[in-house]
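Chemist: I'd like to ask some things about the structure below.
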Amino acid sequence: MSLGDVAGLIAAVAFVLLVGLLAVPLLKLGRVLDEARASIKEVTDHSVPILDEAASTVATTNSQLVKVDTITTSAAQVSENVSALTGLYAATFGAPLVKVAAFTYGVRQAAARSFGRGRSSGREGGRR
């Protein structure tokens, strides 16, 4: 064995040790990537049903909103009809009722004055 053979043997052993030292982190990195792949697969498997359920919920909510819109439109129409009916009632019965109330008030005032004068003249005469 010559000096070159010994140097080559030492270089070969050093190279094997270097490859061995570099292989350990690579193997650990491979395990980490395998775990990451498994975790991502698990998250994906659980996320898909949740997304499907969310889509179903949104569709159901949209159909319910259509029903609420129909109800709101009907309520607005009823409100308009009641407003129109109230205006019609006020126009039809309001003015005559005000006139009847004013006439009744005038009759009561006139009656009170006529009865009041008759009494006041008798009292005034008794006080003098």
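The values are calculated or read from the model by the stated rules, or taken from the named source; none is laboratory data. Model, not experiment: these values are computed from the prediction. Virtual Cβ from ideal backbone geometry, glycine too; neighbours counted across all protein chains shown.
Chemist: For region 59-68, check the following and say yes or no: at least one residue is modelled with pLDDT of 90 or more, more than 24 Å from the chain's Cα centre (by Cα) and among the polar types (S, T, N, Q).
Modeler: Looking through region 59-68, none of the residues is modelled with pLDDT of 90 or more, more than 24 Å from the chain's Cα centre (by Cα) and among the polar types (S, T, N, Q).
Chemist: Considering region 43-89 alone, what residues qualify as being acidic (Asp, Glu) and surrounded by 10 or more Cβ atoms within 10 Å (Cβ to Cβ)?
Modeler: Correct list: 52, 53, 69, 80.
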